[in-house]
1. Just to be sure I follow the definition: excluding the sites themselves, where is the longest run in the chain that has none of the chymotrypsin sites (Phe, Trp or Tyr not before Pro) in a DSSP loop with at most 12 other Cβ atoms within 10 Å?
2. Where does the chain land at 222 nm, in deg cm²/dmol rounded to the nearest 500, when only DSSP H runs of n ≥ 4 count, each adding -39500 (n - 2.57), divided by all residues?
3. Using the alpha carbon gyration tensor of the range 87-191, what are the three equivalent-ellipsoid semi-axes (square root of 5 times each eigenvalue), largest first, in whole Å?
4. Angle between the Cα long axis of helix 122-145 and the longest principal axis of the chain, 0 to 90 degrees, nearest 10?
5. For the chain, take the longest principal axis of its alpha carbons; what is the angle in degrees between that and the long axis of helix 33-47, to the nearest 10 within 0 to 90?
6. Taking the Cα-to-Cβ direction at Glu153 and at Thr134 and moving 7 Å from each Cα, how far apart do the two end points lie in nm?
7. Restricting things to alpha carbons, tell me how big the chain is in terms of Rg and Dmax, in Å.
8. Where in the range 34-51 does the label zone of Gln118 land, with the point 7 angstrom along Cα→C-beta and an amide N cut-off under 13 Å?
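Here, each number is a calculation from the coordinates, and none is a lab measurement. Since the model is a prediction, treat every value here as computed from it, not as a measurement. Backbone-built Cβ (ideal geometry, glycine too); neighbour counts: all protein chains shown.
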Amino acid sequence: MSTPFRRELRRLGWGLVFAMIDIRIGYFDLLPDIIGYLMVLSALQHLGSIHPAYKKAKYISIVLIILTIPVLFIQTNVTITEFSSIPLAVHLYSQLLFILHILMAYWIFNGLIEMLKQDGAFQLLDTAISRRNTYLVFNLLMVIIYPFLLNVEDSWVMLLIAFGILLFIMELLFLRLPFRVSNVREKRSLN
């Protein structure tokens with residue numbers, strides 16, 4: 001017997017993984033973000049019947065799908081030394097994508113939290129709430145300090161690298177959550 005929404009939760013998790021991974025040959029992205037966001041959209045269309053938060057995330061994923069098409073053809077990974085030489089329009093574009101991703105993550109977190117409340121998985125519920133709050137704090141902090149990065153001195157590079165690693169870990173913890181909720185729902189259906 002298939003657990004309700006197990007496949008959708010896993011598709012959501014894999015979509016987030018695909019959106020995070022960036023494998024490039026020159027300027028061409030071998031695993032484009034658009035594929036990940038299409039998977040996320042597909043999952044959110046089904047999950048939207050559970051909670052309105054998923055519907056809100058779905059609309060944001062549609063916007064992200066449209067806006068990530070140009071990412072297929074522009075270089076998005078640069079070094080700290082090249083950072084300030086990137087045109088301002090590219091900075092604004094990447095920040096818009098980042099903010100939309102944060103907003104989508106917020107609504108996905110809220111949907112997952114509601115599922116955990118319904119399932120009575122209070123230990124994972126506490127974990128999900130603390131991850132959501134930490135994720136939002138660090139990512140919004142990045143949005144705030146981003147404009148100042150254009151004038152960063154070489155002495156700040158190590159701090160920026162450490163902050164980047166922290167954001168990467170927060171993203172990994174976020175994309176792991178749909179898989180964990182899927183496992184909780186499966187265990188609950190077996191009992």
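1. Working: sites that count: Tyr27, Phe73.
The answer is 74-191.
2. Values: 7 runs with 140 residues, N = 191.
Here the helix-only value at 222 nm equals -25000 deg cm²/dmol.
3. Details: eigenvalues 228, 39, 20 Å².
Over the Cα atoms of the range 87-191, the semi-axes work out to 34, 14, 10 Å.
4. Approximately 20 degrees, to the nearest ten.
5. Compared with the principal axis, the helix lies near 30 degrees.
6. The answer from the label model is 3.2 nm.
7. Cα-based Rg and Dmax for the chain come out at 17.6, 58 Å.
8. Only 46-51 fall inside the zone, counting backbone N under 13 Å.
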